[in-house]
1. Can you pull out every residue in segment 157-190 that is under 13 Å from Arg81 (Cα atoms) and of a type in the set (Lys, Arg)?
2. Can you name the residue in segment 32-62 that is at pLDDT below 85 and in a helix (DSSP H, G or I) and is also nearest to Arg86 (Cα to Cα) among such residues?
3. Of Leu65, Leu93, Leu99, which residue is touching a Phe, Trp or Tyr at 6+ places or on another chain (Cβ under 7 Å), assigned to a helix (DSSP H, G or I) and either in contact (Cβ under 8 Å) with a residue 40 or more places away in the chain or farther than 16 Å from Ala29 by Cα (or both)?
4. With the requirement that a residue be farther than 20 Å from Leu45 by Cα, out of contact with any Phe, Trp or Tyr (no Cβ under 8 Å at 6 or more places or on another chain) and polar (S, T, N, Q), what does segment 112-141 give you?
5. List the number of the failed condition for Gln123; all other conditions in (1) closer than 24 Å to Arg86 by Cα; (2) surrounded by 12 or more Cβ atoms within 10 Å (Cβ to Cβ) hold.
6. How about segment 105-190: which helices (runs of 4 or more DSSP H) wholly inside it have at least 3 residues that are among the hydroxyl-bearing types (Ser, Thr, Tyr)?
7. Residue pairs, Cβ under 9 Å, 6 or more apart or interchain, first in segment 171-190 and under 24 Å from Ile68 (Cβ atoms) and at pLDDT 80 or above, second assigned to a helix (DSSP H, G or I) and of a type in the set (Ser, Thr, Tyr). List them.
8. Out of segment 71-91, which residues are under 17 Å from Arg169 (Cβ atoms), β-branched (Val, Ile, Thr) and over 12 Å from the mean Cα position of the chain (by Cα)?
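The values are calculated or read from the model by the stated rules, or taken from the named source; none is laboratory data. Note that the coordinates shown come from a computational prediction; the quantities given were computed from them, not determined experimentally. Cβ sites come from the backbone with ideal geometry, for glycine too, and all protein chains shown count toward neighbours.
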Amino acid sequence: MHGRVSYVSLRGGLGSSESHIRAGVVMGARLLGSLAAVMAIYYLLPVRWDEGESDLPWLLLDVVLFGIIVGVQVPLIGRSRYPGLRAIEAMALSIIVFLTLFARLYLSAGAGDHRAFSQSLDQTTALYFTITVFATVGFGDIVAQTQATQLLVSAQMLLNLVVLGVVVRLLLIAGQRGVQRKRQDREQQS
């Protein structure tokens, strides 16, 4: 190939290392920006649980946002110039939103009932607890103590399997199909 280093890229064929690196840097920057935005929203939205007020509207918004992110990412992956990279980015963003969604649920549950967990939760400890449940580590330093929060944690454990088994698979398949489409397009142009 004229002395230039080439390899099979996540784009679905031979590509130059410069364009692949550039695409990876752009994806990383976009992912860091998305992470910063999600974390800023998570930390800046106040927790409401004053007499009669709840976080339910924000929590419903989180669930809808998660669905939109996953739903929008699938066609974007297929049309992307680098579908493999786009699939990786989509998986990371989906998991980040999923984790902050449950952290917010735990934070709200703890604010509504101070007996819900073995210690009071702030944003950081709620996120920490969520990640330990997601990673199936469960150190035991924070424990769900009411039946409602035990059911909520159980729901997260089951949904973790759905996210890892279905959502991640869906995004990976979209990435693979995008790579195949790119190869077919290139072969038709040849």
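1. Arg177, Arg181, Lys182, Arg183, Arg186
2. Step by step, filter segment 32-62, then rank; the result is Asp62.
3. Numbers: Leu65 fails: touching a Phe, Trp or Tyr at 6+ places or on another chain (Cβ under 7 Å); Leu93 fails: touching a Phe, Trp or Tyr at 6+ places or on another chain (Cβ under 7 Å).
The unique qualifying residue is Leu99.
4. Ser118, Gln119, Thr136
5. (1)
6. Working: elements: 123-134, 147-162, 168-189.
Where helices (runs of 4 or more DSSP H) fall fully within segment 105-190 and carry at least 3 residues being among the hydroxyl-bearing types (Ser, Thr, Tyr), they are 123-134.
7. Listed by first residue and then by second, the contacts come to Leu171/Ser94.
8. Val74, Ile77
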